[in-house]
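The values are calculated or read from the model by the stated rules, or taken from the named source; none is laboratory data. The structure displayed is predicted, hence computed values, not measured ones. Backbone-built Cβ (ideal geometry, glycine too); neighbour counts: all protein chains shown.
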Amino acid sequence: MRFSTFVAALLPVGAVFAETWNVTVGGNNTLTFNPTSVNATNGDTIAFTFVSKNHTVTQSSFASPCTNLTTTAGETILDSGFQFIQPDATSFPVYSFNMANATTPLWFYCRQANHCQQGMVFAVNPTAAKSFAAFQAAAMNSSSTSAPASSGGAPSTTPSASGSGTAPPATTSNAAGVIKAGSAAGLLLTGAGLVAGLVL
């Protein structure tokens with residue numbers, strides 16, 4: 001009886017299991033996102049760690065890789081703002097957002113002058129028809145980089161990317177070791193707590 005209760009209790013936990021995709025921005029003082037793209041699913045978190053120089057993560061579109069994607073009100077949908085990193089830094093800011101609908105690819109660039117034209121772009125769920133390589137090639141052939149009139153900033157909650165291919169503002173954090181709800185660590189702790197409760 002206890003085992004069946006335990007399995008029934010874990011089924012919802014497994015159903016919401018989400019992955020965190022860690023992306024390094026400016027690793028080894030390069031103009032790169034590493035990895036250059038990820039294949040995320042609903043509920044996954046994309047976390048950008050800024051480790052050098054002064055970069056952004058700014059949402060764009062496949063058609064205009066170096067131009068910020070905006071709402072009808074003219075606000076940039078997702079933009080980390082410039083994240084300046086001291087050369088001797090030991091703590092690095094993390095900017096993240098959650099995927100609510102992973103059916104549409106999302107496209108990003110660094111809006112620092114000429115970084116996009118040097119190929120500093122990133123993709124979530126690129127397709128064969130709209131590949132990362134094609135997106136990066138278009139960025140490198142772009143004539144200018146646009147700067148958002150209004151940055152997404154860093155609100156206190158973590159919103160989710162929407163199905164339209166756009167993502168709202170995300171959260172920025174300097175804290176390492178924080179366990180998020182829905183993260184692998186959070187789910188493992190929940191499962192361990194359930195097991196302990198059932199055994200006792």
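Has segment 111-118 got any residue that is of a type in the set (A, V, I, L, M) and buried (at least 19 other Cβ atoms within 10 Å of the Cβ)? No, because not a single residue in segment 111-118 is of a type in the set (A, V, I, L, M) and buried (at least 19 other Cβ atoms within 10 Å of the Cβ).
Within the group F48, F97, which residue is aromatic (F, W, Y) and closer than 27 Å to S143 by Cα?
Going through F48, F97 in turn, just one is aromatic (F, W, Y) and closer than 27 Å to S143 by Cα: F48.
Restricting A113, A128, A100, A138 to residues that are assigned by TED's automatic domain parsing to the domain that holds T56, free of Cβ contacts under 8 Å to residues at least 12 places away in the same chain and either acidic (D, E) or out of contact with any helix residue (DSSP H, G or I) (no Cβ under 9 Å at 6 or more places or on another chain) (or both) narrows the list to A128. For segment 105-134, filtering for residues that are under 15 Å from V23 (Cβ atoms) and touching a Gly at 6+ places or on another chain (Cβ under 9 Å) leaves 4. Among residues belonging to segment 21-61 that are under 10 Å from the mean Cα position of the chain (by Cα) and among the aromatic types (F, W, Y), point out the one that is surrounded by the most Cβ atoms within 10 Å (Cβ to Cβ). Among residues in segment 21-61 that are under 10 Å from the mean Cα position of the chain (by Cα) and among the aromatic types (F, W, Y), the one surrounded by the most Cβ atoms within 10 Å (Cβ to Cβ) is F48. Looking only at residues of segment 141-172 that are surrounded by 15 or more Cβ atoms within 10 Å (Cβ to Cβ) and more than 25 Å from A100 (Cα to Cα), we find that the one that is modelled with the lowest pLDDT is A147.
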